[in-house]
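Accompanying notes for the structure given below.
The values are calculated or read from the model by the stated rules, or taken from the named source; none is laboratory data. This is a predicted model, so every value here is computed, not measured. Don't worry about glycine lacking a Cβ; one is built from the backbone with ideal geometry, like all the others, and counts go over all protein chains shown.
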Amino acid sequence: MTDIDAIIKQPLGGDYVTCGMKKPFHVEERDNDIHCFVGFRNKWKNFEEEANVIFWERDRVLRETVAFIDRLGEVKLGPVRQESFPDPDTLEEFLRSFSTAGNLASYFPPLLEKLGLCEVYKKGRTLYIKRKTGSGQSSAS
């Protein structure tokens, strides 16, 4: 069995694309937070400025998000704009306590996929996330 604490210690920095629209973003880890730089272009990467999306408390958000997904089995991503209220029991709603941004469910799942913890899939037109089989899940899940 893989230890979740060891898995979440892996570095997350790098280039990603969002789940639905496949838009590019870049991740840097600073001061135990996850900084997502949205819409960067290869010619003018400027990662010294303020990130567009910041997830606070890196290890805690990773650990608690995985526990949330374990508890529900599968979770609708439910990305919405910052100014609107997300549907209950969606990943977007859950992640709102770890950031002041919106569309969080577009940026966080690729990080969980990189760590090999979760996978995003489509049912109809809706995106969901669930734990990846053999990704440190306890047998009690």
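Quick one: which residue in 33, 70 is modelled with pLDDT of 95 or more and in contact with a Ser or Thr (Cβ under 7 Å, 6 or more places away or on another chain)? Please lay out each step first, then the result.
Details: 33 fails: in contact with a Ser or Thr (Cβ under 7 Å, 6 or more places away or on another chain).
Unique residue meeting the criteria: 70.
Could you give me the residue pairs with C-beta distances under 7 Å whose first residue belongs to the stretch 16-43 and is within 22 Å of residue 57 (Cβ to Cβ) and among the hydrophobic types (A, V, I, L, M, F, W, C), whose second residue is in a strand (DSSP E or B) and modelled with pLDDT under 90 wherever it lies, and which are 6+ apart or on separate chains?
Pairs that qualify, where the first residue is within 22 Å of residue 57 (Cβ to Cβ) and among the hydrophobic types (A, V, I, L, M, F, W, C) and the partner is in a strand (DSSP E or B) and modelled with pLDDT under 90, are 25/37; 25/38.
Looking for something buried (at least 18 other Cβ atoms within 10 Å of the Cβ) and modelled with pLDDT of 95 or more - is there at least one such residue anywhere in the stretch 37-50? Steps first, answer last, please.
The first filter runs over the stretch 37-50 and keeps only residues buried (at least 18 other Cβ atoms within 10 Å of the Cβ), leaving 37.
Cutting the leftovers down to modelled with pLDDT of 95 or more gives us none.
For the stretch 37-50, residues buried (at least 18 other Cβ atoms within 10 Å of the Cβ) and modelled with pLDDT of 95 or more: absent.
Checking the condition crowded, with 17+ Cβ neighbours inside 10 Å and modelled with pLDDT under 85, which residue from 102, 78 passes? Write out each step before concluding.
On the way: 78 fails: modelled with pLDDT under 85.
Matching residue, one of 102, 78: 102.
Which of the residues that make up the stretch 62-74 are part of a helix (DSSP H, G or I) and more than 14 Å from residue 9 (Cβ to Cβ)?
First pass over the stretch 62-74, keeping only residues part of a helix (DSSP H, G or I): 62-72.
Once the filter is applied, which keeps residues that are part of a helix (DSSP H, G or I) and more than 14 Å from residue 9 (Cβ to Cβ), the stretch 62-74 yields 64, 65, 67, 68, 69, 70, 71, 72.
Inside the stretch 5-32, can you point out the residues that are out of contact with any strand residue (DSSP E or B) (no Cβ under 8 Å at 6 or more places or on another chain) and either under 24 Å from residue 76 (Cα atoms) or of a type in the set (Ser, Thr, Tyr) (or both)? Can you show your working first?
Taking the stretch 5-32 as the starting set, the residues that turn out to be out of contact with any strand residue (DSSP E or B) (no Cβ under 8 Å at 6 or more places or on another chain) are 5-10, 21-22, 30-32.
Selection gives 7, 8, 21, 22.
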